[in-house]
Amino acid sequence: DAGVTQTPRHEVAEKGQTIILKCEPVSGHNDLFWYRQTKIQGLELLSYFRSKSLMEDGGAFKDRFKAEMLNSSFSTLKIQPTEPKDSAVYLCASSLGTGGQDTQYFGPGTRLLVL
Amino acid sequence: TQTVSQSDAHVTVFEGDSVELRCNYSYGGSIYLSWYIQHHGRGLQFLLKYYSGNPVVQGVNGFKAEFSKSDSSFHLRKASVHWSDSAVYFCAVSGTQVVGQLTFGRGTRLQVYA
(Lines give C-alpha, C1' and ligand atoms only; values in the text may rest on other atoms or scores of the structure.)
Protein backbone atom coordinates (compact mmCIF):
# COMPACT_ATOMS: atom_id res chain seq x y z
CA ASP A 1 0.00 0.00 0.00
CA ALA A 2 1.22 3.46 -0.82
CA GLY A 3 1.47 5.89 2.05
CA VAL A 4 0.12 9.42 2.08
CA THR A 5 1.37 11.39 -0.89
CA GLN A 6 1.57 15.16 -1.11
CA THR A 7 2.31 17.42 -4.04
CA PRO A 8 4.14 19.59 -4.63
CA ARG A 9 6.96 19.01 -2.14
CA HIS A 10 8.03 22.64 -2.41
CA GLU A 11 6.13 25.75 -3.46
CA VAL A 12 7.22 29.34 -3.78
CA ALA A 13 4.48 31.96 -4.14
CA GLU A 14 4.27 35.71 -4.34
CA LYS A 15 2.13 37.51 -1.79
CA GLY A 16 -1.48 37.60 -2.95
CA GLN A 17 -1.29 34.50 -5.11
CA THR A 18 -3.57 31.49 -4.86
CA ILE A 19 -1.92 28.16 -4.22
CA ILE A 20 -3.38 24.69 -4.08
CA LEU A 21 -1.75 21.85 -2.21
CA LYS A 22 -2.75 18.27 -2.93
CA CYS A 23 -2.98 15.14 -0.81
CA GLU A 24 -3.80 11.52 -1.50
CA PRO A 25 -4.54 9.56 1.71
CA VAL A 26 -3.80 5.92 2.35
CA SER A 27 -6.29 3.80 0.43
CA GLY A 28 -9.22 2.79 2.64
CA HIS A 29 -8.71 5.48 5.24
CA ASN A 30 -11.79 7.46 6.22
CA ASP A 31 -10.20 10.35 8.14
CA LEU A 32 -8.03 13.03 6.59
CA PHE A 33 -6.24 15.87 8.34
CA TRP A 34 -4.41 18.99 7.22
CA TYR A 35 -1.85 20.51 9.59
CA ARG A 36 0.39 23.52 9.42
CA GLN A 37 3.83 23.20 11.03
CA THR A 38 6.01 26.14 12.01
CA LYS A 39 8.86 26.52 14.48
CA ILE A 40 6.92 29.07 16.48
CA GLN A 41 3.46 27.52 16.63
CA GLY A 42 4.31 23.86 16.20
CA LEU A 43 1.63 21.63 14.68
CA GLU A 44 -1.73 23.31 14.13
CA LEU A 45 -4.81 21.52 12.84
CA LEU A 46 -6.29 23.22 9.78
CA SER A 47 -9.00 20.81 8.71
CA TYR A 48 -10.35 17.39 9.54
CA PHE A 49 -12.56 15.25 7.29
CA ARG A 50 -14.36 12.07 8.16
CA SER A 51 -15.75 10.14 5.19
CA LYS A 52 -15.39 13.31 3.10
CA SER A 53 -17.45 15.39 5.55
CA LEU A 54 -15.75 18.39 7.11
CA MET A 55 -15.60 17.82 10.89
CA GLU A 56 -13.25 20.65 11.88
CA ASP A 57 -12.42 23.75 9.88
CA GLY A 58 -9.61 25.08 12.03
CA GLY A 59 -11.34 28.16 13.42
CA ALA A 60 -8.69 30.82 12.97
CA PHE A 61 -7.79 29.51 9.55
CA LYS A 62 -11.25 29.82 7.99
CA ASP A 63 -10.59 33.16 6.40
CA ARG A 64 -8.11 32.34 3.64
CA PHE A 65 -7.75 28.60 3.95
CA LYS A 66 -10.13 26.16 2.37
CA ALA A 67 -9.76 22.41 2.38
CA GLU A 68 -11.89 20.19 0.20
CA MET A 69 -12.24 16.46 -0.18
CA LEU A 70 -13.56 15.84 -3.65
CA ASN A 71 -13.52 12.10 -3.27
CA SER A 72 -12.26 9.60 -0.74
CA SER A 73 -8.83 9.45 -2.36
CA PHE A 74 -8.01 13.11 -2.95
CA SER A 75 -8.00 16.33 -0.97
CA THR A 76 -6.86 19.87 -1.66
CA LEU A 77 -5.91 22.79 0.53
CA LYS A 78 -6.33 26.19 -1.09
CA ILE A 79 -4.74 29.30 0.37
CA GLN A 80 -6.14 32.48 -1.15
CA PRO A 81 -4.63 35.03 -1.06
CA THR A 82 -1.28 33.97 0.32
CA GLU A 83 0.61 36.08 2.84
CA PRO A 84 4.25 35.83 3.95
CA LYS A 85 3.11 34.54 7.35
CA ASP A 86 1.71 31.47 5.59
CA SER A 87 5.26 30.24 5.01
CA ALA A 88 5.33 26.86 6.70
CA VAL A 89 5.28 23.13 6.11
CA TYR A 90 1.81 21.80 5.38
CA LEU A 91 1.27 18.20 6.40
CA CYS A 92 -1.52 15.89 5.35
CA ALA A 93 -2.37 12.80 7.39
CA SER A 94 -4.94 10.04 7.19
CA SER A 95 -6.26 7.37 9.51
CA LEU A 96 -8.74 4.53 9.42
CA GLY A 97 -11.41 6.55 11.21
CA THR A 98 -12.55 3.86 13.61
CA GLY A 99 -12.00 5.72 16.85
CA GLY A 100 -9.85 7.86 19.05
CA GLN A 101 -6.88 5.54 19.06
CA ASP A 102 -6.39 5.48 15.31
CA THR A 103 -2.82 5.92 14.17
CA GLN A 104 -2.33 8.86 11.85
CA TYR A 105 -0.15 8.34 8.78
CA PHE A 106 1.58 11.46 7.56
CA GLY A 107 2.73 12.55 4.16
CA PRO A 108 6.17 14.14 3.64
CA GLY A 109 4.68 17.63 3.64
CA THR A 110 4.72 20.61 1.31
CA ARG A 111 7.16 23.36 2.20
CA LEU A 112 5.59 26.70 1.24
CA LEU A 113 7.52 29.94 0.99
CA VAL A 114 5.54 33.12 0.40
CA LEU A 115 7.60 36.11 -0.68
CA THR B 1 -9.76 21.08 26.57
CA GLN B 2 -6.84 18.72 26.23
CA THR B 3 -3.26 19.97 26.43
CA VAL B 4 0.11 18.36 26.00
CA SER B 5 3.34 19.68 27.44
CA GLN B 6 6.83 18.61 26.44
CA SER B 7 9.09 20.41 28.84
CA ASP B 8 12.37 19.87 26.97
CA ALA B 9 12.78 21.56 23.62
CA HIS B 10 16.20 19.97 23.09
CA VAL B 11 17.90 16.89 24.49
CA THR B 12 21.49 16.00 23.63
CA VAL B 13 23.06 12.61 24.35
CA PHE B 14 25.82 10.36 23.05
CA GLU B 15 25.35 7.10 21.23
CA GLY B 16 24.74 4.27 23.68
CA ASP B 17 23.29 6.57 26.33
CA SER B 18 19.80 6.07 27.70
CA VAL B 19 17.29 8.83 27.14
CA GLU B 20 13.94 9.94 28.53
CA LEU B 21 11.73 12.40 26.69
CA ARG B 22 9.05 13.86 28.91
CA CYS B 23 5.40 14.38 28.17
CA ASN B 24 2.68 15.63 30.50
CA TYR B 25 -0.94 16.02 29.60
CA SER B 26 -4.06 17.64 30.91
CA TYR B 27 -7.44 16.12 30.20
CA GLY B 28 -10.46 15.25 32.23
CA GLY B 29 -11.75 12.12 30.59
CA SER B 30 -10.62 8.91 28.93
CA ILE B 31 -7.55 9.54 26.91
CA TYR B 32 -5.42 8.10 24.17
CA LEU B 33 -1.70 8.91 24.22
CA SER B 34 0.84 8.41 21.48
CA TRP B 35 4.33 9.34 20.37
CA TYR B 36 5.43 10.26 16.87
CA ILE B 37 8.88 10.85 15.41
CA GLN B 38 9.83 13.30 12.68
CA HIS B 39 13.14 13.07 10.88
CA HIS B 40 14.42 16.16 9.14
CA GLY B 41 12.43 17.04 6.03
CA ARG B 42 9.90 14.28 6.50
CA GLY B 43 6.41 13.77 7.88
CA LEU B 44 5.64 12.34 11.29
CA GLN B 45 5.83 8.60 11.87
CA PHE B 46 3.98 6.68 14.54
CA LEU B 47 6.07 5.17 17.35
CA LEU B 48 3.62 3.82 19.93
CA LYS B 49 0.34 4.46 21.68
CA TYR B 50 -1.54 3.78 24.91
CA TYR B 51 -5.19 3.65 25.84
CA SER B 52 -5.65 1.10 28.57
CA GLY B 53 -4.11 -1.97 30.13
CA ASN B 54 -0.39 -2.36 30.81
CA PRO B 55 0.94 1.16 31.42
CA VAL B 56 4.25 0.29 29.76
CA VAL B 57 3.94 0.28 26.00
CA GLN B 58 6.60 -1.11 23.68
CA GLY B 59 7.19 0.63 20.38
CA VAL B 60 9.44 0.25 17.39
CA ASN B 61 13.24 0.47 17.46
CA GLY B 62 13.52 -0.19 21.21
CA PHE B 63 11.39 2.72 22.33
CA LYS B 64 8.92 2.34 25.15
CA ALA B 65 6.68 4.69 27.08
CA GLU B 66 5.07 4.53 30.46
CA PHE B 67 1.69 5.97 31.33
CA SER B 68 1.18 7.42 34.79
CA LYS B 69 -2.26 8.66 35.74
CA SER B 70 -1.06 10.09 39.05
CA ASP B 71 1.62 12.19 37.32
CA SER B 72 -0.43 12.82 34.14
CA SER B 73 2.61 11.71 32.21
CA PHE B 74 3.57 9.54 29.27
CA HIS B 75 7.35 9.67 29.08
CA LEU B 76 9.26 8.03 26.24
CA ARG B 77 12.41 6.08 26.96
CA LYS B 78 15.14 4.21 25.16
CA ALA B 79 17.88 2.27 26.89
CA SER B 80 20.60 2.77 24.28
CA VAL B 81 20.25 5.37 21.55
CA HIS B 82 21.77 5.31 18.07
CA TRP B 83 22.78 8.33 16.00
CA SER B 84 19.85 7.57 13.68
CA ASP B 85 17.47 8.30 16.56
CA SER B 86 18.25 11.98 16.10
CA ALA B 87 14.89 13.55 15.25
CA VAL B 88 12.04 15.53 16.72
CA TYR B 89 9.68 13.58 18.93
CA PHE B 90 6.07 14.58 19.41
CA CYS B 91 3.73 13.48 22.16
CA ALA B 92 0.04 13.52 21.21
CA VAL B 93 -3.24 13.11 23.01
CA SER B 94 -6.77 12.44 21.85
CA GLY B 95 -9.84 12.18 23.96
CA THR B 96 -13.09 10.34 23.63
CA GLN B 97 -15.00 13.62 23.38
CA VAL B 98 -13.29 14.70 20.17
CA VAL B 99 -12.79 11.41 18.44
CA GLY B 100 -10.12 11.16 15.79
CA GLN B 101 -8.28 14.41 16.38
CA LEU B 102 -4.85 14.58 17.95
CA THR B 103 -3.44 17.43 19.99
CA PHE B 104 0.33 17.53 19.66
CA GLY B 105 2.96 18.83 22.02
CA ARG B 106 5.60 21.28 20.79
CA GLY B 107 8.10 18.49 20.22
CA THR B 108 11.50 17.59 21.67
CA ARG B 109 14.52 17.63 19.39
CA LEU B 110 16.81 14.72 20.25
CA GLN B 111 20.40 15.06 19.08
CA VAL B 112 22.54 11.92 19.36
CA TYR B 113 26.27 12.33 18.90
CA ALA B 114 28.33 9.41 17.69
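The values are calculated or read from the model by the stated rules, or taken from the named source; none is laboratory data. Predicted, not measured: the structure shown is a model, and the values here were computed from it. Using ideal geometry, Cβ is built from the backbone for each residue, glycine included, and neighbour counts are taken over all protein chains shown. For accessibility, only protein heavy atoms count, side chains too; no ligands or nucleic acids. Shrake-Rupley method; radii C 1.70, N 1.55, O 1.52, S 1.80 Å.
Key figures for this structure:
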item: Values of log10 I(q)/I(0), in the order q = 0.12, 0.18 Å⁻¹, for chain B under a Debye, Cα-only, solvent-free model; result: -0.38, -0.85
item: Options A:Thr76, A:Gly107, A:Thr18, ranked by Cα towards positive dipole end of the protein assembly as shown, top entry (Cβ charges); result: A:Thr18
item: Interface A:B - total buried accessible surface [probe 1.4 Å, Å², rounded to 100]; result: 1700
item: Those trypsin sites (Lys or Arg not before Pro) in the range A:43-89 that DSSP places in a loop and that have at most 15 other beta carbons within 10 Å; result: A:Lys52, A:Lys62, A:Arg64
item: Average partner coverage of B:34-43, which counts Cβ from other chains inside 10 Å; result: 4
item: Interface residues, the range A:77-115 - accessible area loss of 50 Å² or more versus chain alone, probe 1.4 Å; result: A:Gly100, A:Gln101, A:Thr103, A:Gln104, A:Phe106
item: A:Met55 accessible area, assembled protein chains, probe 1.4 Å, Å²; result: 110
item: For the protein assembly as shown: accessible area per residue (Å², 1.4 Å); result: 49
item: Proximal lysines relative to B:Lys64, as straight alpha-carbon distance under 29 Å, when same-chain residues fewer than 8 apart are discounted; result: A:Lys39, B:Lys49, B:Lys78
item: Accessible surface of the protein assembly as shown [probe 1.4 Å, protein heavy atoms]: carbon and sulfur percent; result: 48
item: Computed over the range A:44-115: relative contact order in percent, which uses C-alpha pairs under 8 Å that are six or more apart; result: 22
item: Cross-link partners of A:Lys85 among aspartates and glutamates (Cα-Cα below 17 Å; sequence separation of 8 or more within a chain); result: A:Glu11, A:Glu14, A:Glu44, A:Asp63
item: DSSP bridge pairs, the range A:10-115: antiparallel proportion in percent, nearest 5; result: 90
